[in-house]
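S.K.: Dropping a structure here in structure tokens format, bear with me for questions.
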Amino acid sequence: MFNLSNLVQKAQQFIDPTLSITGPSSDRRPSKATLFRHQFRLPETQSPLQEITAELTLSPHHSTRGSSGESTSHAQERDRPQGNHYVGKLHLSEQYLCFSTQGSSFLNTASLSASSAFTGQTHGAGPAGNGFILPLCAIRRVERLHSQSYMFALAITTWNGVSDGKAKPGSAASGQKLTIQLAGSRIQCERFCDGLKRGLREGVREVENLRAVVSECYSEYLLSEDGDDKKSHGNEDRKPREHPDTGLGMVFKYPGNARKLRDATKIRLWREYLRENGRSATLIRQPTFHKLIRVGLPNRLRGEIWELTSGSFFLRLQNPKLYIQTLTKFSGQESLAIDEIEKDLNRSLPEYPGFQSEEGIGRLRRVLTAYSWTNEEVGYCQAMNIVVAALLIYMSESQAFFLLSILCDRLLPGYYSQTMYGTLLDQRVFESLVEKTMPILWDHLAKNDVQLSVVSLPWFLSLYINSMPLIFAFRVLDVFFLEGPKVLFQIGLAILRINGEELLDATDDGTFISVLKSYFARLDESAHPRSENPKLRAVTRFQELMVVAFKEFAGITQNTISEQRSKHKGAVLENIESFAKRTSIRNLGPESKRLSVIDLGFLYDRFYEVLYERQQRDEIMQHEAERKAKAGRMKATEVVSGFSGNNPEVGRVALGPSPTQMDYDGFREFLAGIAKWAVTDSPSSPPELNGDKQNHSYFGGSTRSRSTTISPWGSGPEPADHEFMKRLFRRWDTDMNNTLSLQNVVTGFAQVKGTKDIMSNISYFFELYDDDGDGRVDRDGILRISEALLFLSRRGFEGNLSPSPSLHDLATSPERRENRDEQFLSSISAFIRRCFEYADPDHAANQVRQAAADLASFSIGSDNDSEDLVDLSDPASPKPNPSSPRLLHTKIPLSPTPSTSNPLSPVKAKATAANLALDPNNPLHITLPTFRMVILADEVLETFFESGFSASFRLLDAPQPSHASSSSNLTTFSNAAARNALAPGAGASVGGAGVGVVPPGKGLRGMLDNIVSDGMRVAAEVRRRMDEAQREEGEGEGEKGHVEEEGEEEGRDGELLEGAETADVVVGKGAGVVGDLLGPPGEGKKEGEEGVKGRQRSVSEASKILEFER
Amino acid sequence: MADSGATSAPKPSSSVKLVLLGEAAVGKSSLVMRFVNNDFQENKEPTIGAAFLTQKCNLPTRTIKFEIWDTAGQERFASLAPMYYRNAQAALVVYDITKASSLQKAQHWVAELQRQASPGIVIALVGNKFDLASANPASDTSTGGDDADATATAEEEEDVDGESDARKVPTKTAKAYADEEALLFFETSAKTGLNVAEVFTAIANAIPETSLKGPRGVGGQTNLGRQEDSARVNLTGANVQGPKEGCAC
Ligand SMILES: Nc1nc2c(ncn2[C@@H]2O[C@H](COP(=O)(O)OP(=O)(O)O)[C@@H](O)[C@H]2O)c(=O)[nH]1
Ligand SMILES: [Mg+2]
């Protein structure tokens, strides 16, 4: 079954994190924090705290590789005598110091500068730019330099080579040093330094993690073998380093011919680069870095560089043990995902020897399983097996695990989700890019009805791993992790461009596919085999592909992709949703056939809408509660960014599967939306509450909260809580699990709405009250039924009780409606009377005669001989108010035993007679035939069961007056009357069961309302008396339903008030923190003082701002 | 791709796009393997999205080249299905006779195709894994769909108490449904090959001439749209049995 619409809804938010989210947040731009994290591939915990323009200078020995390869521009930056200079932005987050020459990379605004657009190169820097992403814990020392030209210059020494740095007394050899000049006002610079200082202090705690993570990096091993390193330490007794796990390739060989791939040369170049520019955590990106990646990474280093460029390294650094912990935590447990994984293990890159072995298959199993636990929304999706298998050739299990997280969450958003919306969306995007860039080919495809996406989908879904020979797919991955998702599009476009001629000859899917298949098979051949020029001849087809992809399609930037995604998102999601809905509706079982497809569609929407909104409200309320709890120790930055750390950085566990089950409260809300009798008479949440919340939406923008949804019932009407609704719920809950699935709800509706047969409607109602299913409803049940009838009818039925409802009827004078309502009321009183009249005593022999005789005269306290409970023949009588209800009030004194002291003696005799019927000592019951007879004896009730009841559920065109105040609903029987009911003070009412108190002075309407409420009170009172009697006689199990109900109602009120307070408190504190941060008068001063001191000290050549000797 | 369908006489040849739909593990890929390679084995090829294969089918008057899209197994790939059945002229909706829920799923796919796919699409309902139903008279296994139905239906009566029979979907039930919806209906076994070629032959025969235009030429889809009525009329199970000429496989 596909209950996916909610998933889709939720998924929208993640479809492209840098995109605006459709939703309550009206801000169309992605948050700055998101952009920042994406640019530097940082975990979700990081937020941009400080930002300043700066120039990075790398000490002279760095220049060797940095500038030698460069031939164009930037010359004036690079060739200053001191070394390499890069101007860019320096950023500080909680745990990172980042620098980039490129303003952006993943950013929406990321487009290549005009000058570089035609070459498709950012001067070798790639979209990630030159710079670094330094974990603060990797910084060993920051010194402030005295400088003529710049007010602030910092010299940063890193823990480069930290993992083998234990025995390195004062060695400066591996101590990497970089200089940064800050260009900003003194205040800016000082604030930056102050932030940095704080971060560095915090960072000390992370050093152990860093050591552990870095020790698994191949670069450490590579450099430790390095002659330089050994020499400088001169410690010959050091035991040889263990070779870190660089994937299955270590054991089963890496794909391809190492010599042909020039692996040794590449390693040599990298060793040089790493020695000068830092390794793993301390790596600095200079132009050579991007070039070395473009030519293909060497086997053993590939995993580490993938980790670094994709940012999964930082996830691992943050929680190095997560992978092992996850496996341990869930060991032995089973899941659907695990079953699915198991099926695919044997067909994941089966051509690679490693995956024909238990070792390789075991690794693959563990990584996929661990990930499926951390992200249950994704779980396992076919194609992940192929991607992970590929990763495992080059990296350890733990590394692959985190890289998979980055793939699913950031690089391939929504690709592997339950609906695969990301896959479908990117296919749509790809098609539109083809249409734009290759219109002739596009037309050709359209004309021949070749659907491009069926061909290109596997390219994207498995990152070309399954389409190209492995060695080439890995080259694509090298660039993909560095430059982002746009690479997939560029490669795809280039494939089509290169094969354009042949594709224009293909007229069907088959030919189209085989053209591309044979192209992929010959990627290693010369692109220009017949060329005279040997250099040209040496160019392989794959090289040609890369050139076309990154030069010709250089204009395809991340920005292009984002724009296209947002353009097509709506349509794609709509398609998925309607598919999911169709599927779901078709799978609702045979009962559902009794409802129209339109009704089913309505129920589907409404059902999930309620579940979804309730979930949202829960989250928001929980969020608030957490916020309250955390407020004290919350980091100021979280308040500012509106982003709390409870956003899980790995796998978004919080997303979870969307709800498919509706509990009783949800059911009430659901009913309130489609039946007006299900709306409460006594709303417990005053509308002001909502308004109140509006003030506090300062964090609403980022948490997507809607101020109005904070009321426990959202923006909809507050539902009633009547016993009838409980019974309906229980009846529909056929699986007896205390919740309803869509299937339950549809089946339930099919039963009440799907039959036009009055007989089955009557039995349905009867069965609702036949608790033990013995075909009898006892005295208590009869009263409950009449209560329910009053409950259901208390707001009248719009035009449904007359046999031929017409539009005209709806608009007719209030009198006619009143008439009908009166009729209903009297019918119910007649119903009660008749029920008792025709009831069977439980013990047949017992008192039959007497009961029958008494019952014959029983007319519920009526002191005339009218058949009906209430005489409404003259509703406009001059003395309206007390007179009619009097008839009812006389019933109240009914008591189990006739009392001579009864003050209302005139009716005593009758009451006594009636008492026999109500006497618990004379148990009686009605059977279905009796019930049927009683119903059919009354025209109004007959109509009610024929059509009124089922019509009271309005599935379509059912705009409930949700925003009309409930109080005005209460006092009216119809819309027409609602207009009259605007009397101030109306609607003071209490009681969950709809016991209304109506203010006087409302004339006819008021009287009528009184009658109804009195009628209900009567029924309630009768029941109460009976309960009392039963309790007195100690034989009743007691009917405490009502008491409980009241109790619950109060409890809820209490909670609600508490909730309101909570909100207040939270906001109060939050605001305080904001205040602190924005204008901390005390601290600000301190900073200033320190700044002054700092400057004084800076007179000396180099004064340390902060130094850690670890 | 087996090109055994090369014929001596120049018969008109046309392409038919066929899509396989059905719950995971009912044997879609196995049926295709049987039809294309006359082979039965564990599927070693990882299928991403859908696998594409072709096979020719020789009819007395023409040659049909099936372009087969075998959709992926996992449930979540179902939302990609519209991409594959778009403009398909034929569909094989497969269920597993040993799994009742798979027929329900098949019914969903039929409804989906009827509502969303090309109007003239020829749909065959296929109950696979016939070999798992007990006491299959081996002699009947080579007969066409309707004959197989008859025998299976007879068995069904005595299978009520289960014995060792893994069958969960009575032939009657599925056949009645297929008749109601005017689908071709077969029970097959990819394992033994029973009825596999027959399914494809029947489909080839049921494709209306009018929707065939060379190797799926220009405008093929619009033709499909217009011919819906005539196509539907022909689709009752009995009518299409026609010539029992096997496919070239
Ligand atoms: N006994 C039996 N097993 C079958 C038959 N067809 C397929 N299978 C098995 O059912 C499983 C699923 O088959 P597969 O073709 O992958 O199903 P798909 O997911 O629908 O493509 C495999 O283990 C097959 O060996 C059949 O006719 N008889
Ligand atoms: Mg398959």
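S.K.: Suppose the filter is hydroxyl-bearing (Ser, Thr, Tyr) and surrounded by fewer than 24 Cβ atoms within 10 Å (Cβ to Cβ); does A:Ser417 pass it? Even if it seems obvious, please write down each step before you answer.
M.R.: Working: hydroxyl-bearing (Ser, Thr, Tyr): yes; surrounded by fewer than 24 Cβ atoms within 10 Å (Cβ to Cβ): no.
Spelling it out, it is not the case that A:Ser417 is hydroxyl-bearing (Ser, Thr, Tyr) and surrounded by fewer than 24 Cβ atoms within 10 Å (Cβ to Cβ).
S.K.: Which one of these is assigned to a loop (DSSP other than H, G, I, E, B), out of contact with any Phe, Trp or Tyr (no Cβ under 7 Å at 6 or more places or on another chain) and either within 15 Å of ligand 1 (Cβ to nearest atom) or not aromatic (Phe, Trp, Tyr) (or both): B:Asp70, B:Asp39?
M.R.: Details: B:Asp70 fails: assigned to a loop (DSSP other than H, G, I, E, B).
Answer to the selection: B:Asp39.
S.K.: Which residue, of A:Ser526, A:Ser584, A:Ser562, A:Ser596, is over 26 Å from A:Leu261 (Cβ atoms), surrounded by fewer than 22 Cβ atoms within 10 Å (Cβ to Cβ) and out of contact with any Cys (no Cβ under 9 Å at 6 or more places or on another chain)? It would help to see each step written out before you state the result.
M.R.: Values: A:Ser526 fails: over 26 Å from A:Leu261 (Cβ atoms); A:Ser584 fails: surrounded by fewer than 22 Cβ atoms within 10 Å (Cβ to Cβ); A:Ser562 fails: surrounded by fewer than 22 Cβ atoms within 10 Å (Cβ to Cβ).
The conditions single out A:Ser596.
S.K.: Kindly provide the set of residues from region B:2-49 that are more than 20 Å from B:Thr98 (Cα to Cα), at pLDDT 75 or above, within 15 Å of ligand 2 (Cβ to nearest atom) and in contact with a strand residue (DSSP E or B) (Cβ under 7 Å, 6 or more places away or on another chain), ordered by number.
M.R.: Answer for region B:2-49, where residues must be more than 20 Å from B:Thr98 (Cα to Cα), at pLDDT 75 or above, within 15 Å of ligand 2 (Cβ to nearest atom) and in contact with a strand residue (DSSP E or B) (Cβ under 7 Å, 6 or more places away or on another chain): B:Leu18, B:Val19, B:Phe35, B:Val36.
S.K.: Another one. Would you be able to say whether some residue in region A:467-483 is within 28 Å of the chain's Cα centre (by Cα) and within 14 Å of chain B (Cβ to nearest Cβ)?
M.R.: No - not one qualifying residue is present in region A:467-483.
S.K.: Here's another thing I want to ask about it. Taking helices (runs of 4 or more DSSP H) that fall entirely within region A:345-456, which contain at least 3 residues that are touching a Leu at 6+ places or on another chain (Cβ under 7 Å), aliphatic (A, V, I, L, M) and within 12 Å of another protein chain (Cβ to nearest Cβ)? If you could, list the steps in order and put the result at the bottom.
M.R.: Numbers: elements: A:358-374, A:384-394, A:397-406, A:421-437, A:439-447.
So the answer is A:384-394.
S.K.: Go through A:Arg279, A:Arg302, A:Arg285 for me and flag whichever is buried (at least 23 other Cβ atoms within 10 Å of the Cβ) and at pLDDT below 90. Give the steps one after another, and end with the answer.
M.R.: Details: A:Arg302 fails: at pLDDT below 90; A:Arg285 fails: at pLDDT below 90.
Checking each option against the conditions leaves just A:Arg279.
S.K.: Please find, within region A:295-334, the residue that is farthest from A:Thr265 (Cα to Cα) out of those that are of a type in the set (S, T, N, Q) and outside any helix (DSSP H, G or I). Break it down stepwise before answering.
M.R.: So in region A:295-334, the residues of a type in the set (S, T, N, Q) come out as A:299, A:309-310, A:312, A:318-319, A:325-326, A:328, A:331, A:333.
From what is left, the residues that are outside any helix (DSSP H, G or I) are A:319, A:331, A:333.
Working: A:Asn319: 34, A:Ser331: 43, A:Gln333: 47 Å.
The extreme case among them is A:Gln333.
S.K.: Oh, and also: Among the numbered criteria (1) crowded, with 21+ Cβ neighbours inside 10 Å; (2) modelled with pLDDT of 80 or more; (3) among the aromatic types (Phe, Trp, Tyr), which single criterion is violated by A:Tyr764?
M.R.: Among (1) crowded, with 21+ Cβ neighbours inside 10 Å; (2) modelled with pLDDT of 80 or more; (3) among the aromatic types (Phe, Trp, Tyr), A:Tyr764 violates only (1).
S.K.: Conditions: (1) modelled with pLDDT of 85 or more; (2) of a type in the set (Asp, Glu); (3) farther than 20 Å from A:Leu452 by Cβ. A:Glu591 meets all but one. Number of the miss?
M.R.: (1)
S.K.: Shifting gears a bit: Of the numbered conditions (1) surrounded by fewer than 19 Cβ atoms within 10 Å (Cβ to Cβ); (2) touching a residue at least 40 places away in the same chain (Cβ under 8 Å), A:Asp780 fails exactly one; give the number of that condition.
M.R.: Evaluating A:Asp780 over (1) surrounded by fewer than 19 Cβ atoms within 10 Å (Cβ to Cβ); (2) touching a residue at least 40 places away in the same chain (Cβ under 8 Å) leaves (1) as the failure.
S.K.: While we're here: If I filter region A:501-524 for residues that are under 28 Å from B:Tyr84 (Cβ atoms), touching a residue at least 40 places away in the same chain (Cβ under 8 Å) and β-branched (Val, Ile, Thr), do I get at least one hit?
M.R.: Yes - at least one qualifying residue is present in region A:501-524.
S.K.: Can you pull out the residues in region B:68-115 that are without any contact (Cβ under 8 Å) to a residue 40 or more places away in the chain and either of a type in the set (A, V, I, L, M, F, W, C) or more than 8 Å from chain A (Cβ to nearest Cβ) (or both)?
M.R.: Listed by number, the residues that qualify are B:Ala72, B:Phe77, B:Ala78, B:Leu80, B:Met83, B:Ala111.
S.K.: Any residue that is more than 14 Å from chain B (Cβ to nearest Cβ), within 26 Å of A:His290 (Cβ to Cβ) and at pLDDT 95 or above - is there at least one of those in region A:497-509?
M.R.: Taking every residue of region A:497-509 in turn, at least one turns out to be more than 14 Å from chain B (Cβ to nearest Cβ), within 26 Å of A:His290 (Cβ to Cβ) and at pLDDT 95 or above.
S.K.: Restricting attention to region A:576-619, which residues are within 12 Å of chain B (Cβ to nearest Cβ), of a type in the set (A, V, I, L, M) and within 17 Å of B:Arg115 (Cα to Cα)?
M.R.: If the condition is that a residue be within 12 Å of chain B (Cβ to nearest Cβ), of a type in the set (A, V, I, L, M) and within 17 Å of B:Arg115 (Cα to Cα), then A:Ile576, A:Ala580, A:Ile585, A:Val597 are the ones that fit.
S.K.: Is there any pair with a first residue in region A:444-467 that is of a type in the set (D, E, K, R) and a second that is part of a helix (DSSP H, G or I) whose Cβ atoms are under 6 Å apart and which are 6 or more apart or on different chains, and what are they?
M.R.: Within 6 Å, the pairs are A:Asp449/B:Gln221.
S.K.: Sort out which residues of region A:335-376 are aromatic (Phe, Trp, Tyr) and over 26 Å from A:Lys321 (Cβ atoms), and write them in order of number.
M.R.: Just the residues of region A:335-376 that are aromatic (Phe, Trp, Tyr), to begin with: A:352, A:355, A:371, A:373.
Within region A:335-376, A:Tyr352, A:Phe355 qualify.
The values are calculated or read from the model by the stated rules, or taken from the named source; none is laboratory data. Keep in mind it's a predicted model, so treat the numbers as computed, not measured. Every residue, glycine among them, receives a Cβ derived from its backbone with ideal geometry; neighbour counts consider all protein chains shown.
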